[in-house]
Amino acid sequence: MNDRNKANAKLAGQYFGLTLWLIISLLPPVILLAAAFNETAMFRSPLALLTLRDFTLNNFSVAFNAGDFWFYFRNSVIIAVASVIISVAVCVPMAYGLNKLRPKIRGALSFAILAMRFLPHVVLALPLFLIFVDLGLSGSRTGLLFAHLAIHIPFAVWMMVGFFENVPKEMEEAAIVDGCGPWKLFWSISLPVVRPGLNALAILIFIMSWNEYLFALFLAGSDAQPLTVGITRFMGGVEAGAQYGVIAAYASLIVLPVIIFALLANRYIVTGMTAGAVKG
Amino acid sequence: MQNNLLNRYTRGWYFVLPGLIVMLLIVAFPLGIAARFSLHDVFLYDFSNQWFVGLDNYARAWTDPLFINSVKVTLLFTLANTLGCLIVGLLVAFLLSGKRIRFKAGWMALFLLPFVMTPVIVGITWRLFMWEPDFGVINQLLGFFGLTGPYWLTDSSTALFATALTNAWHLTPMAILVLYAALTTIPDDMYEAAKVDGAGAFQTLWHVVLPMIRAHILFVSIIIMTSAFREFDMVYTMTGGGPGRSTTVMSVLAYNRGIANQDMGMANTIAFTMFMIMAVVAWLYIKVYKVNKEASA
């Protein structure tokens, strides 16, 4: 009986800890959302905003119109989608091929990719700024896309190598014995096994690309600016001034797609993020 | 032998080559240009005039109190993030792995949200609604306990703490996720055995659990460390590097030098220094990882 009480007290403690962390995790985004639906968000306590006493949708229409939302939205979507397609097309075969190279070469390449994976983004943004001026790509979506790919490709290869390592060798050997060619071996034998990894990769790259800010600040000029630059410019502009409600509405519009996406595709994000953990 | 045949037959290089070429073009080539710039005097909007100055920029950097300050700030920021995320991450992962906890996947899905939130928006949200001195959540909570909180982001003695904490909030899900995955691989009878041997909760954690998830702790520390080390978005949107130079991390300083001061040579020097530090970290990680792997094999 005593043991059972002790066990129940322990369980309650565990749930208490988890709930506490859940509140800490969700409070900032929830307050942001609440502020977006409130008038005069500035003068009231954020906790009072949660009651939604001054409910309004007006903040969103200001954000859409004065904030040029769709202009930035278009750039964000185009760059993110192109990033996903190109990184998957280039990195998946590369990750597959890396596992087939001789260990020495493979080790050297893995180190290079890891070093690129840890690369501070600013060390690419500065030289790319100049290179794009030379190539006439400055302020273009294509230029910005290249910069995104420079970050996504090492990440994607690194992540996918782990998935390809899980393809059973016996399966590939059996296929070769059956007369399967190198291309078919990749396409019909290995690729189907790493399917969940592919979904995870596409989702994570989309989110990374959508969230990117540093490159956009350096390289986007005025035509290619994505939403992350859009909101900071909007905050600095006279339309927003210190209207926290409008800023919150704009911010919610940027962050909601990612949050919904993350909740729906949660399983894949978990797979993708733990992928590199077991290997080097 | 068999293995060798498989390697030759599958034509690995054909698959690697396209990716490798793209990487050389868009990563290695710009890196080379950055290295080259770091050895030149070159100014924004005037790229045609460049003078080779050797290591002069590096010498100038290491005698510049602002640069040295930024190194200190970056290291503090990185250290605080790594330790904070690891400790909280381990704690939450430990709670979540409790045998009788239900809806584990649901908890995890919600715990992940800070991580997927756009860093710029994280910065804005925390600045406007959490750290705001008069009506922000943090100071209101402190007020509830009869305390008066400082002007977090505009006070140079608290700004770094506040930005680091915000960034740690954003990165902790990574630690929870990886460490939770690691904890689920520990078989139940390990805990039972520890219990039979009379080990307390802390002893079990220290002598049984932590050694078993060593590789995962290493992995997650390195990911958080490198991510915090290069952080720009969050710091820039929260404080812009201020007040004064209290939150000027190296990324922000490189940006200021290159764009505001138009000194691209110095900006590249700072950025390339960051890259070299990270390359050493990558090299060390691979070394330690190998040692670890051999030890556990």
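The values are calculated or read from the model by the stated rules, or taken from the named source; none is laboratory data. Bear in mind that the values here come from a model prediction, so they are computed numbers and not experimental data. Note: ideal-geometry Cβ built from the backbone for every residue, glycine included; neighbour counts use all protein chains shown.
For B:Ser156, all conditions in the list (1) out of contact with any Pro (no Cβ under 7 Å at 6 or more places or on another chain); (2) surrounded by fewer than 18 Cβ atoms within 10 Å (Cβ to Cβ) hold save one; what is the number of the exception?
For B:Ser156, the failing item is (1).
So which helices (runs of 4 or more DSSP H) are wholly in region A:127-240 and hold at least 3 residues that are within 30 Å of A:Gly97 (Cβ to Cβ)?
On the way: elements: A:141-165, A:169-177, A:195-211, A:214-219, A:227-236.
Correct list: A:141-165, A:169-177, A:195-211.
Looking for something at the interface with another protein chain (Cβ under 10 Å from one of its Cβ atoms), in contact (Cβ under 8 Å) with a residue 40 or more places away in the chain and over 28 Å from B:Tyr255 (Cβ atoms) - is there at least one such residue anywhere in region A:144-155?
no
Within region A:50-92, can you find the residues that are closer than 30 Å to B:Asn139 by Cα and away from every other protein chain (no Cβ under 11 Å)?
From region A:50-92, those closer than 30 Å to B:Asn139 by Cα are A:50-60, A:62-63; that's our starting set.
Residues satisfying the conditions are A:Thr51, A:Leu52, A:Arg53, A:Asp54, A:Phe55, A:Thr56, A:Leu57, A:Asn58, A:Asn59, A:Phe60, A:Val62, A:Ala63.
Output the qualifying pairs, or none if there are none: Cβ atoms under 8 angstrom, residues six or more apart or on different chains, first residue in region A:208-222 and away from every other protein chain (no Cβ under 11 Å) and touching a residue at least 40 places away in the same chain (Cβ under 8 Å), second residue among the aromatic types (Phe, Trp, Tyr) and part of a helix (DSSP H, G or I).
Listed by first residue and then by second, the contacts come to A:Leu219/A:Phe129; A:Leu219/A:Phe132.
Here is a list: A:Leu191, A:Leu185. Which entry is more than 22 Å from A:Phe146 (Cα to Cα) and without any contact (Cβ under 8 Å) to a residue 60 or more places away in the chain?
None of the others qualify; the one that does is A:Leu185.
Name the one entry in B:Phe103, B:Phe29 that is within 12 Å of chain A (Cβ to nearest Cβ) and farther than 30 Å from A:Pro154 by Cα.
On the way: B:Phe29 fails: farther than 30 Å from A:Pro154 by Cα.
Of the residues listed, the single one that is within 12 Å of chain A (Cβ to nearest Cβ) and farther than 30 Å from A:Pro154 by Cα is B:Phe103.
Regarding A:Leu52, is this residue in contact with a strand residue (DSSP E or B) (Cβ under 9 Å, 6 or more places away or on another chain), outside the structural domain of A:Met160 (by TED's automatic domain parsing) and either assigned to a helix (DSSP H, G or I) or in contact (Cβ under 8 Å) with a residue 12 or more places away in the chain (or both)? I'd like the intermediate steps shown before the answer.
Values: in contact with a strand residue (DSSP E or B) (Cβ under 9 Å, 6 or more places away or on another chain): yes; outside the structural domain of A:Met160 (by TED's automatic domain parsing): yes; either assigned to a helix (DSSP H, G or I) or in contact (Cβ under 8 Å) with a residue 12 or more places away in the chain (or both): yes.
Criteria met by A:Leu52.
Anything in region B:225-265 that is assigned to a helix (DSSP H, G or I), more than 9 Å from chain A (Cβ to nearest Cβ) and touching a strand residue (DSSP E or B) at 6+ places or on another chain (Cβ under 9 Å)? List them, or say none.
The answer is B:Arg257, B:Gly265.
Do you know which residues across region B:129-143 are in contact (Cβ under 8 Å) with a residue 24 or more places away in the chain and assigned to a helix (DSSP H, G or I)?
First, pick out the residues of region B:129-143 that are in contact (Cβ under 8 Å) with a residue 24 or more places away in the chain: B:130-131.
Once the filter is applied, which keeps residues that are in contact (Cβ under 8 Å) with a residue 24 or more places away in the chain and assigned to a helix (DSSP H, G or I), region B:129-143 yields only B:Met130.
Filter region B:133-153 for residues that are facing chain A (nearest Cβ under 9 Å) and surrounded by 22 or more Cβ atoms within 10 Å (Cβ to Cβ) and give the result.
Result: B:Gly136, single match.
Give the residues of region B:25-71 that are surrounded by 15 or more Cβ atoms within 10 Å (Cβ to Cβ) and either in a loop (DSSP other than H, G, I, E, B) or among the charged types (D, E, K, R) (or both), sorted by residue number.
Hits for region B:25-71 are B:Arg36, B:Leu39, B:Asp41, B:Leu44, B:Val53, B:Asp56, B:Arg60, B:Asp64.
Here's a check for you: in region A:2-49, which residue that is more than 8 Å from chain B (Cβ to nearest Cβ) and outside any helix (DSSP H, G or I) is modelled with the lowest pLDDT?
Checking each candidate, the answer is A:Thr40.
Report whether or not A:Arg141 is farther than 26 Å from B:Ala35 by Cα, under 24 Å from the mean Cα position of the chain (by Cα) and among the basic types (Lys, Arg). Break it down into steps so the answer makes sense when it comes.
Values: farther than 26 Å from B:Ala35 by Cα: no; under 24 Å from the mean Cα position of the chain (by Cα): yes; among the basic types (Lys, Arg): yes.
Against the criterion (farther than 26 Å from B:Ala35 by Cα, under 24 Å from the mean Cα position of the chain (by Cα) and among the basic types (Lys, Arg)), A:Arg141 does not qualify.
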